[in-house]
Amino acid sequence: LKGCLPLLNWSLMEVQWHSLTVDEVCLKLGSSLRGLSSEEASTRLNKYGFNELRRVRQISALRIFSNQFKSIFILMLIVAALISAAMSMQHGLEELADSVVIMAIVLINAIIGFFQEYKSEKTLEAMQKLTTPKARVLRDGEIKSIEARLLVPGDIIILEEGDRIPADCRLVEAYELKTNEAVLTGESTPVEKTVEPLAQDAPIHERRNMVFMATHVVSGRGRAIVVTTGMRTEFGRIAEQVQTMEVEEPPLKVKLDRFARRVAYLVVALCIAIFGLEAFRGEPLIESFMVAVALAVSAVPEGLPAITTVTLALGARNMAKQNAIVRRLASVETLGSATFICSDKTGTLTKGEMTVRRVYTGSKHIDVTGVGYEPKGSFLLNGAPYTVDEDLKLTLTAGALCSNAELKNVDGKWLIYGDPTEAALITVAAKAGLWKADLESKMPRVREIPFSSERKRMTTVHRSPDGRCIVFMKGAPEVVLQMCSQKLSDGLTLHLTYDDKLEILKVNDEMASSGLRVLALAYKYVEDPYIQDVEYGMVFIGLVGMIDPPRDEAIEAYRVCEKAGIRVAMITGDHKLTAISVAREIGMWKDGSVALTGIDLDKMSDEELEKVVENVTVYARVSPAHKYRIVKALKRRGHVVAMTG
């Protein structure tokens, strides 16, 4: 390994780790599958620094306080106070009182603004310190649990279901490993992982042999070698880009400064005019000057900055009651000035929770209501309430039992443990009163053939109450259909013909084209759970279509924005069809709406984008850099843009 250590001087950010083999990655990092020694890890920690996101521009308390005086109005008041103080030397305490009052207003204004902004900064810092994430790492040939901030390039980390990825890593082992990367790419469904090298030009959402900081494991297990840490990770790049963007003056400050300049011009003009008139009347020049200055000082609206600051502070207080932290007081008014909102989809417009919306069984298309993992909702057939029959009951039972996820109520909140897709199947079964725990007690599992990316299906075998064994299968529709020879229709088991398969695949295509992720379900009875052909000769039960649906409050919020004349565009890393489906359900997608992908944006110049940017409703498969281009284009069109997510 000593011969490899000089390679550590390479810029780790520039290496296309996903295109290298595991051996090549180890070679470049001067590491091995046995991990690093504690001594070597300490050396690298000194070289690369802590694995944490740092704030590029720290703001001190003194800086926050001094910022309260960066206003033309405040400067005018300070000048007015100094002039009043100077005049008091000739006219006595009356002018001094004016000076004291004006300075008191300036200080109160600064203290209110400072207190609000300083408190917000400290709240943000406290939130960052709430958790100290841990990582399991291979050090000195042993698995150790350490603080994630101590990880260095070359470390081997252990990944299991539920783990948060602590750094950007190249996978060296992956066993049915799936990760949720919505926080980075916007993709709402878990991503299956592999260890094989990929094309060098593969975009982030296709780098299936990599795991990224801030994402988490939803199922499976694996091992990975750390390639970049801290601000050098993909998430760190986004954090740095956000923090280093040019800070513009808020609209309110621009308007107040413009008004202050006009007042200043008017005051100077009045000063000159009054001084000229007094001098023309033969008054002493000193006396004429003092009269002109006194009138000029009285013309400055010293109460306006204080009223503005107090009003904004009340606005920030009301925002805090809605769990929103306002870092700069003027941002309250800026938010009110927004003319265009660019919103993320996953977790913002949607709950980030997969939900079954449609079930196809026995030639019936059944809609399911409810959002997220809360087991509340109903079943509808042609818009009318539908009573759960035996076909639907068997479909829902198959989905719940052929799953490894868990749905639990913790302190009144429904939480999932495991794959979100499986959690959606468990939830829709619970809506029909079919709770997984009850089903498992009646039909305990005796065998499992796990899902894999090659098989594209999962099979479980259960002991039924009558002593026989029942086999359940779920997976990709085209794969499950290949394993089926019969179908269930209105309680009858019928032969599955070629035309039947074509009809089922047609329904699958229709559901997929509306943005749903579709799974097929099948079952059969067997006497011996361990027979070799346990997966063959299945009975097709039905299809389930699921999506991460929009929040109810997002639909209402869009209506309010539309009524207020605020334009809204969805910007997501998810698939185009899924994004359009969610936009249509919210009400954003109308006749003539336009959708662009990241590939489309790459082909457009900034000038071309600026021409069409106001007419685009959905941006799909985009990166953070694309989002920045979109916002800049809208700003060049004169919009005040709000970005969420």
Qualifying residue in the stretch 313-324 (condition: in contact (Cβ under 8 Å) with a residue 60 or more places away in the chain and either more than 30 Å from residue 642 (Cα to Cα) or touching a Leu at 6+ places or on another chain (Cβ under 9 Å) (or both)): yes
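Checking the conditions here, which among 613, 618 is free of Cβ contacts under 8 Å to residues at least 60 places away in the same chain, buried (at least 20 other Cβ atoms within 10 Å of the Cβ), under 18 Å from the mean Cα position of the chain (by Cα) and outside any loop (DSSP other than H, G, I, E, B)?
Values: 613 fails: under 18 Å from the mean Cα position of the chain (by Cα).
Testing whether each residue is free of Cβ contacts under 8 Å to residues at least 60 places away in the same chain, buried (at least 20 other Cβ atoms within 10 Å of the Cβ), under 18 Å from the mean Cα position of the chain (by Cα) and outside any loop (DSSP other than H, G, I, E, B) leaves just 618.
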Residue under evaluation residue 381, criteria (1) touching a helix residue (DSSP H, G or I) at 6+ places or on another chain (Cβ under 8 Å); (2) over 19 Å from residue 515 (Cβ atoms), criterion not met: (1)
Test: residue in the stretch 470-478 that is among the β-branched types (Val, Ile, Thr), out of contact with any helix residue (DSSP H, G or I) (no Cβ under 7 Å at 6 or more places or on another chain), over 30 Å from residue 585 (Cβ atoms) and assigned to a loop (DSSP other than H, G, I, E, B): no
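Does at least one position in the stretch 524-533 carry a residue that is in contact with a helix residue (DSSP H, G or I) (Cβ under 7 Å, 6 or more places away or on another chain) and at pLDDT 95 or above?
Going residue by residue through the stretch 524-533, those that are in contact with a helix residue (DSSP H, G or I) (Cβ under 7 Å, 6 or more places away or on another chain) are none.
No - not one qualifying residue is present in the stretch 524-533.
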Matching residues, the stretch 579-610, being assigned to a helix (DSSP H, G or I) and either touching a Ser or Thr at 6+ places or on another chain (Cβ under 7 Å) or in contact (Cβ under 8 Å) with a residue 60 or more places away in the chain (or both): 579, 580, 581, 582, 583, 586, 598
Pairs where the first residue, in the stretch 19-48, is among the hydrophobic types (A, V, I, L, M, F, W, C) and the second is at pLDDT below 95 and part of a helix (DSSP H, G or I), C-beta under 6 Å, 6+ apart: 27/4
Residues of the stretch 185-219 satisfying the condition of being in a strand (DSSP E or B) and free of Cβ contacts under 8 Å to residues at least 60 places away in the same chain: 191, 211, 216, 217
Qualifying helices (runs of 4 or more DSSP H) (wholly inside the stretch 302-407; at least 1 residues being within 27 Å of residue 558 (Cα to Cα)): 303-321, 330-337
Residues of the stretch 537-548 satisfying the condition of being part of a loop (DSSP other than H, G, I, E, B) and modelled with pLDDT under 95: 548
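Do you know which residues across the stretch 165-186 are in contact with a Phe, Trp or Tyr (Cβ under 7 Å, 6 or more places away or on another chain) and either among the hydroxyl-bearing types (Ser, Thr, Tyr) or over 19 Å from residue 149 (Cβ atoms) (or both)? Walk me through it before giving the result.
Within the stretch 165-186, the subset in contact with a Phe, Trp or Tyr (Cβ under 7 Å, 6 or more places away or on another chain) is 165, 168, 170, 176, 181, 184.
Selection gives 170, 176, 181, 184.
Yes or no, residue by residue, for (1) in contact with a strand residue (DSSP E or B) (Cβ under 8 Å, 6 or more places away or on another chain); (2) surrounded by fewer than 15 Cβ atoms within 10 Å (Cβ to Cβ); (3) among the hydroxyl-bearing types (Ser, Thr, Tyr); (4) outside any loop (DSSP other than H, G, I, E, B):
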{"position": "224", "(1), (2), (3), (4)": "yes, no, no, yes"}
{"position": "237", "(1), (2), (3), (4)": "no, no, no, yes"}
{"position": "258", "(1), (2), (3), (4)": "no, yes, no, yes"}
{"position": "269", "(1), (2), (3), (4)": "no, yes, no, yes"}
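Considering 374, 333, which residue is acidic (Asp, Glu), in the same structural domain as residue 406 (by TED's automatic domain parsing) and either out of contact with any Lys or Arg (no Cβ under 8 Å at 6 or more places or on another chain) or more than 20 Å from residue 587 (Cβ to Cβ) (or both)? First the steps, then the outcome.
Working: 333 fails: in the same structural domain as residue 406 (by TED's automatic domain parsing).
Selected residue: 374, the only one of 374, 333 that is acidic (Asp, Glu), in the same structural domain as residue 406 (by TED's automatic domain parsing) and either out of contact with any Lys or Arg (no Cβ under 8 Å at 6 or more places or on another chain) or more than 20 Å from residue 587 (Cβ to Cβ) (or both).
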Residue satisfying all of: in the stretch 332-350; at pLDDT below 90 and crowded, with 21+ Cβ neighbours inside 10 Å; nearest to residue 574 (Cα to Cα) among these: 346
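The values are calculated or read from the model by the stated rules, or taken from the named source; none is laboratory data. Every value quoted in this text rests on a predicted model; they were computed, and no experiment measured them. A quick note on method: Cβ atoms are made from the backbone with ideal geometry, for glycine too, and the neighbour counts reach across all protein chains shown.
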